[in-house]
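Novice: Okay, here's the structure, questions in a sec.
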Amino acid sequence: MDNRPIGFFDSGLGGLTSIPHMIKTLPNERIIFFGDTARTPYGSKSPGTIKLFAEQIGDFLVSEGVKMIVIACNTVSATALDTLRAKFPDIPVIGVISPTARVVANTCTPNDKVGIMATKVTVASGAYEKKIYEKNPYINTASIPCPALVPLIEEGIIDNEIMDLTLKYYLDDFIKKEMIDTLVLGCTHYPLIADNLRRLYPNIKIISSSKEVVEAIRIELEKTDAFASGSAEENKFFASDLSENFVKMIEKILGEDKASLNINFKNLDI
Ligand code: DGL
């Protein structure tokens, strides 16, 4: 048993989309979340910068006494997973790509065509294709970078025509040409636009990295006998810029009023 919290982080608010799945599946676990809202998006930055940011955030989470680090960001998982594992050898570091690739490998067939939508960095890394191939070499995939989506989501531009047009701009031709029947949300911001995607492409199956990572966390806790017994302490949310939209999105994603959420500012600038 281990009652220390689990540390989650993302470039911004995207990683928050894992938290409702966590609370539902592992309700005894306490969460510390950090969103680097001052420096988002990471998805078009260089790998060196992303690694540096990831190490800073890892230091902060470790200083908060976490028992595990969850990289709730595909972009960081694609670039800095090994860096963080080497820097923090005493605690498990879990990324979102491998657990999601496992679900693709186990649930899709060679007749499917799996489209991976993600940031530029994630697509350029080829991390999804590599992991899916390792787990099942018979799955057909194609990837598409969608760099304008994260800034729009961070701005809360979701339930409107601009988001729909942007999605169509990236996906209409891609889905048609590649004959995609399954879409992987290879960015933890994208569950926030899952309703748009379902409305625009109703016949396409959606696999979300934000959801699938929770099973990997459960397996890791089981392996190390580190489940929490339930704690009186509340979950804590940190952001490097406490914008109005960040607070609004936390309320929207977690379905709770900000007064009942422990939301804090934390500056990590170098
Ligand atoms: N949520 C991050 C991801 O999963 C977004 C990256 C970004 O900041 O561009 O990739």
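Novice: I'd like the residue in the stretch 202-226 that is of a type outside the set (D, E, K, R) and more than 22 Å from the chain's Cα centre (by Cα) and, out of all such residues, is least open to solvent (accessible area, probe 1.4 Å). Full working, then the answer.
Specialist: Quick first cut of the stretch 202-226, residues of a type outside the set (D, E, K, R) only: 202-204, 206-210, 213-214, 216-217, 219, 221, 224, 226.
Filter again for more than 22 Å from the chain's Cα centre (by Cα), leaving 202-203, 224, 226.
Values: 202: 96, 203: 144, 224: 73, 226: 12 Å².
Taking the candidates together, the pick is 226.
Novice: Of everything in the stretch 93-124 that's in contact (Cβ under 8 Å) with a residue 40 or more places away in the chain, open to solvent by 40 Å² or more (accessible area, probe 1.4 Å) and more than 16 Å from the chain's Cα centre (by Cα), which residue is nearest to residue 6 (Cα to Cα)?
Specialist: Per the stated criteria, the residue is 107.
Novice: So, one more: May I ask you to list the residues in the stretch 48-71 that are more than 15 Å from residue 240 (Cβ to Cβ), surrounded by fewer than 17 Cβ atoms within 10 Å (Cβ to Cβ) and in contact (Cβ under 8 Å) with a residue 40 or more places away in the chain?
Specialist: If the condition is that a residue be more than 15 Å from residue 240 (Cβ to Cβ), surrounded by fewer than 17 Cβ atoms within 10 Å (Cβ to Cβ) and in contact (Cβ under 8 Å) with a residue 40 or more places away in the chain, then 62, 65 are the ones that fit.
Novice: Select from the stretch 1-31 the residues that are assigned to a strand (DSSP E or B) and closer than 16 Å to residue 241 by Cα and write down the one among them that is nearest to the ligand (Cβ to nearest atom).
Specialist: Filtering the stretch 1-31 down to residues assigned to a strand (DSSP E or B) leaves 6-10, 31.
Right, trim to closer than 16 Å to residue 241 by Cα and you get 9-10.
Working: 9: 10, 10: 5 Å.
The selected residue is 10.
Novice: Something else: Give the stretch 79-90 a look and list any residue that's in contact (Cβ under 8 Å) with a residue 24 or more places away in the chain and open to solvent by 30 Å² or more (accessible area, probe 1.4 Å), or say none. Steps first, answer last, please.
Specialist: Kept after step one, since they are in contact (Cβ under 8 Å) with a residue 24 or more places away in the chain, are these residues of the stretch 79-90: 79-80, 83-84, 87-88.
Hits for the stretch 79-90 are 83, 87.
Novice: Something else now. Any residue at all in the stretch 227-240 that is surrounded by 18 or more Cβ atoms within 10 Å (Cβ to Cβ) and touching a Leu at 6+ places or on another chain (Cβ under 7 Å)?
Specialist: Checking the stretch 227-240: at least one residue is surrounded by 18 or more Cβ atoms within 10 Å (Cβ to Cβ) and touching a Leu at 6+ places or on another chain (Cβ under 7 Å).
Novice: A follow-up question, please. Take residue 144 and decide whether it is surrounded by fewer than 20 Cβ atoms within 10 Å (Cβ to Cβ), within 16 Å of the ligand (Cβ to nearest atom) and without any contact (Cβ under 8 Å) to a residue 12 or more places away in the chain.
Specialist: Values: surrounded by fewer than 20 Cβ atoms within 10 Å (Cβ to Cβ): yes; within 16 Å of the ligand (Cβ to nearest atom): yes; without any contact (Cβ under 8 Å) to a residue 12 or more places away in the chain: no.
So residue 144 fails the test.
Novice: Scan the stretch 4-20 residue by residue and report those that are open to solvent by 20 Å² or more (accessible area, probe 1.4 Å) and within 14 Å of residue 250 (Cα to Cα). So that I can check it myself, show each step before the final result.
Specialist: First, pick out the residues of the stretch 4-20 that are open to solvent by 20 Å² or more (accessible area, probe 1.4 Å): 4, 20.
Within the stretch 4-20, 20 is the sole residue that qualifies.
The values are calculated or read from the model by the stated rules, or taken from the named source; none is laboratory data. Worth saying up front: this structure is predicted, and the values here are computed from it rather than measured. Cβ sites come from the backbone with ideal geometry, for glycine too, and all protein chains shown count toward neighbours. The protein model used for the area step is the full one, side chains on, heavy atoms only, and it has no ligands, DNA or RNA in it. Shrake-Rupley method; radii C 1.70, N 1.55, O 1.52, S 1.80 Å.
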